[in-house]
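Everything on this sheet refers to the single structure shown next.
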Amino acid sequence: MHIEKRAAERHVLAITVDNESGILAKIAGLFTARGYNIDSLTVADISENHQISRITIVTHGPPEVIDQIHAQLERLVPVHKVSDLTELGPHVERELALVKVSGRGDSRVEALRLADVYRAKVVDSTTESFIFEITGGPEKIDSFVALMRELGLVEVGRTGIVGMMRGANGA
């Protein structure tokens, strides 16, 4: 018997929900109970009256699993809309990271030079360290962090992905 293993695809899901206690736990529980992984998770209140939130989840799996996740999310009562930005077409993804680097002399100068190349902003500085703020796609941040490892990386904090469809229409 030959079992075909399908390649996992990365998907960015934008989920609009009622802003009520427990909804994030329900959604995370749905992923956990079925053994699905969440690569990135962000949540923000998006309405003036604080009644609606948007959850952005980055996950991966074969197409059947992504379809199942989508269907199960839509069945949850406080969920208004589930949009798979990956399937809908061109979209913008961004993430923010704070990157702390320690060093002196040449490594300090090189860290500043690379930060300039990556358009990272110095948000804190001491005589022995910097904290850089960098925004962009996940690949850009991964690349910057990898370079800073060589120069004295101390700590990284990342927000997670937020995404939005390109053009005049919403998702």
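Only the coordinates and a few stated rules stand behind these numbers; no lab work does. Nothing here was measured: the structure is a model prediction, and the numbers come from that model. All Cβ positions, glycine included, derive from the backbone under ideal geometry; neighbour counts span all protein chains shown.
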(message) For the chain, what is the number of Lys pairs with C-alpha distance below 25 angstrom, counting only pairs 8 or more positions apart or on separate chains?
(response) 4
(request) Using a cut-off of under 19 Å, list every residue of the range 120-135 whose amide N is near the label point 7 Å from the Cα of SER102 along the Cα-to-beta-carbon line. (result) 123-133
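Going by average Cβ density within 10 Å per residue, which order do the peptides 22-32, 7-17 take, highest to lowest? Please report the intermediate quantities before stating the final value.
Values: 22-32: 14.5, 7-17: 18.0.
Highest to lowest by the protection proxy: 7-17, 22-32.
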(request) Output the direction-averaged projected area (hull surface divided by four) of the convex hull of the alpha-carbon atoms of the range 91-144, in nm². (result) 3.5 nm²
(message) Please compute the length gained on full extension between ILE38 and ALA168, using 0.36 nm multiplied by the number of residues separating them and subtracting their Cα-Cα distance.
(response) 43.9 nm
(message) Can you find, among HIS11, ILE46, PHE132, the residue sitting farthest towards the positive end of the charge dipole of the chain, where Lys and Arg contribute +1 and Asp and Glu -1 at Cβ?
(response) PHE132
(request) Give the label of the value calculated from the structure for Cα extents along the principal axes in Å, choosing from (1) 72, 28, 27; (2) 45, 37, 24; (3) 57, 55, 32. (result) (3)
(request) Report the calculated FRET efficiency for ASP67 and THR127 (r = Cβ-Cβ distance, R0 = 45 Å), to the nearest 0.05. (result) 0.25
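So what is Rg over Rh here for the range 49-101, counting just Cα atoms and using Kirkwood for Rh?
Values: Rg = 14.5 Å, Rh = 13.7 Å.
Result for the range 49-101 is an Rg/Rh of 1.06.
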